[in-house]
Amino acid sequence: MADSDDNTDWTIMAENKLMVDEVRLSFSSMKDFGECAKRYYYRVTAAESAVPNVHMVFGSIVHDSIEKYEKNDKELGELVGWSLHEWDRKMASSQFLGGKAPRPPKSFKRMYDNYINEISPKLSKEDARIEHFFKLFLSYSPDGEVPIYFVGKIDRIDPNGIYDWKTSERLPDLYELASNQFFAYWWAYREEFGADPEGMYYGHLGSGNLYNIDMSTVLLENFEALLHKMSSEIYNAWEQDEFPRIIGYQCKQCPFSGICFRELREEQGHV
Ligand code: SF4
C-alpha cells in the first residue's frame, strides 16, 4: 500500500492543538502507530522529512515500473533504463548518502524479467485494475464529528483475485505469507465489492513465484476487530495530542529517525 495515502487532514488551532477534519488510516499507518505513535505522527505531519532506505526506494521504483508495463506496454529494456535513471535521480536528491550514491541493492532487470516471463503469463488479461486505490468508511469518531476511513492501494485486482508484488530476494516464510497486510486487502475487497475475491497471491518478483494466500475467516474477523480498535486509539491520540516515542530496534529502519532524534535532543535541551 502506498504511504502517500496515509495523510490525515488537519489544521492547527489557536492554542496549537491539532484539529482533525478526517482520519485516513492505512495499513502502514496502523503498523506505524502500533510500533511507535511518534512515527505515525511524523508520517502524517512531516512526510517530507522521511528518508527512505535503499530497499524502500528500490521497491517503489519496481512498483512504478510494473504499472508502466501494464498501462503503457513498455518493454523490459525501457523499464530497466527508466528504473536506473530514476534510481540515480532519487539517490542524487537523497539526504542520507553524503554525496555517495550506492548501486541498486538488487537487479531491476531480474525483477522485470520474472514479472514479464514468469508471472504475467499466469494473470488474467481481462478487467485488471492496476494500483487500485480504496477509501472505505470505518466509523465516526465518538463525538460523531470526524469520519474515519481505511485507505490503501492494491497492486493488482483481476477476475482471479488480488495480487501483491514483493521485491525481497529471500523467499517468503510462513509468517510473511500470513501478514496482516493480506487480511487488510481481503477485508477492503469484501467491503468495496460486496463479495470475497477469487483468491489472493503474493507475487515474489525475485523468483517469479506466485504464492497462494490461504485466507481464514476467523482471522479476518480478528483483523476487523483490530482495525476498529486501532481507529479509535488513533483518534484518541489526535484528540489528546499524544504521540509518544517508543525507542527500540524499530528505530533502525525508521524513515523519520533523523527528525525524531533531532527533536528529542532539542526537547532534552542538548542543543
Ligand atoms: S526513530 Fe524510533 S522513536 Fe523515533 S519515530 Fe522512529 S521508531 Fe519512533
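Every number here is computed from the coordinates shown, using simple stated rules; none is lab data. All values reported here derive from a predicted model rather than from experimental measurement. With ideal geometry, Cβ positions are generated from the backbone for all residues, glycine too; neighbour counts draw on all protein chains shown.
Tabulated data for the structure shown
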| read-out | value |
| --- | --- |
| Chain lengthening between TRP82 and HIS270 when straightened (0.36 nm per residue, less Cα-Cα) | 63.3 nm |
| Loop-resident sites, the range 208-271, for GluC sites (Glu not before Pro), counting at most 16 other Cβ within 10 Å (DSSP) | GLU242 |
| The chain: DSSP helices with Cα axial extent of at least 30 Å and average Kyte-Doolittle hydropathy no lower than 1.6 | none |
| Cα-based shape type of the chain, given that a ≥ b ≥ c are square roots of the gyration tensor eigenvalues and the cut on a/c is 1.5 | oblate |
| Sorted by Cβ neighbour density within 10 Å, fewest at the top, the residues THR45, THR167, THR217 | THR217, THR45, THR167 |
| Cut-off under 5 Å, modelled amide H: who pairs with LYS74 long-range | TYR69 |
| Among PRO244, PRO104, PRO121, residue whose mean-square fluctuation peaks in a GNM of the chain (springs only between Cα atoms under 10 Å) | PRO121 |
| GNM flexibility winner over the chain from ALA184, ALA50, ALA92 (Cα, springs under 10 Å) | ALA92 |
| Pairwise FRET efficiency - ARG110 versus LYS135, Cβ, R0 = 30 Å, nearest 0.05 | 0.30 |
| Rounded FRET efficiency, nearest 0.05, which uses the C-beta distance separating LEU177 from GLU126 and R0 of 25 Å | 0.40 |
| DSSP beta bridge pairing in the chain, given as percent antiparallel to the nearest 5 | 70 |
